[in-house]
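The numbers here are math on the coordinates, done by the rules we state, and not lab data. Not measured: the values here are computed from a predicted model. Here the Cβ positions follow ideal geometry from the backbone for every residue, glycine too, while neighbour counts run over all protein chains shown.
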Amino acid sequence: MPHPQKVVLDGDAMRRTLVRIAHEIVEKHGEPDRLAIVGIHRRGAVLAARLQRLLADLLDADVPLGELDISFYRDDVATRDGGPVILASKIDFPMEGRSVVIVDDVLFTGRTVRAAIEALFDYGRPARVQLAVLADRGHRELPIRPDYVGKNLPTARSERVNVAVEELDGHDGVTITTEDPS
């Protein structure tokens, strides 16, 4: 039986949210030539590419874009069903001296972001690391706080936040569903 869905962001709202985040990033970065965007696979990488295009337009400059696969950096890799799905990391610019904004779709416990930071430092030592998320649902297990938040979504642990992106899912949107307690 399908779970009831509550739509929290439709495609237009998602686009406006990313535009707002891009403007906030521009406001907080005095040196746009030192800025880089790195997305966490899968949907974070898609959102990062969109943010990168918005930032390039706003700054009228090239903003380096990278992608991180954090599969082997997770602290729960042995306990996840089916093992990790491996996707390629791609960072082809120097990290040193850069202000890197890590992008993810949903911030939950903080473990994914911790793994991303660890993976990022394997590529070099940035001057600063910030975090941008489309949705922050709370329930942190680690002391991680986003610098840029699209939407705060107070949720119960039994709920799931689902992010759909056109590039992977055929449409844009954010919904909340209730999981079966079984």
(message) With the crude spin-label approximation of a point 7 Å out along Cα→Cβ, what separation in nm comes out for Glu166 versus Arg34?
(response) 3.4 nm
(message) Nearest 5 percent is fine: what portion of the DSSP beta bridges confined to the chain is antiparallel?
(response) 35 percent
(message) What does the C-alpha gyration tensor say about the overall shape of segment 117-173? Classify as rounded when a/c is under 1.5, otherwise prolate if a/b is larger than b/c, or oblate.
(response) oblate
(request) Can you give me the span-like helices of the chain, meaning DSSP H runs with 30 Å or more of Cα extent along the axis and Kyte-Doolittle mean at or above -0.5? (result) none
(request) Give me the net charge of Ala61's neighbourhood, meaning all other residues with Cβ under 13 Å from the Cβ of Ala61; Lys, Arg count +1, Asp, Glu -1. (result) -3
(message) Using a Cα-Cα cut-off of under 19 Å, which lysines could be cross-linked to Lys6, ignoring same-chain neighbours fewer than 8 residues away?
(response) Lys151
(request) Figure the gain on full extension for Lys151 and Asp57 (residue separation times 0.36 nm, minus the Cα-Cα span) and round it to one decimal in nm. (result) 31.5 nm
(request) Would you please give the residues with an amide H less than 5 Å from that of Lys151, counting only those at least 5 places away or on a separate chain, with H modeled from the backbone geometry? (result) Ala135, Asp136
(request) Express the relative contact order of the chain as a whole percentage, based on alpha carbon pairs under 8 Å and six or more residues apart in sequence. (result) 25 percent
(message) If you take every residue apart from Arg43 with its C-beta less than 10 Å away from the C-beta of Arg43, what net charge results, scoring Lys and Arg +1 and Asp and Glu -1?
(response) -3
(message) Would the chain count as rounded, prolate or oblate if I go by the C-alpha gyration tensor, calling it rounded below 1.5 in a/c and otherwise prolate when a/b exceeds b/c, oblate otherwise?
(response) oblate
(message) Restricting to Cα pairs below 8 Å that are 6+ residues apart, what does the relative contact order work out to for segment 131-182? Please round to a whole percent.
(response) 29 percent
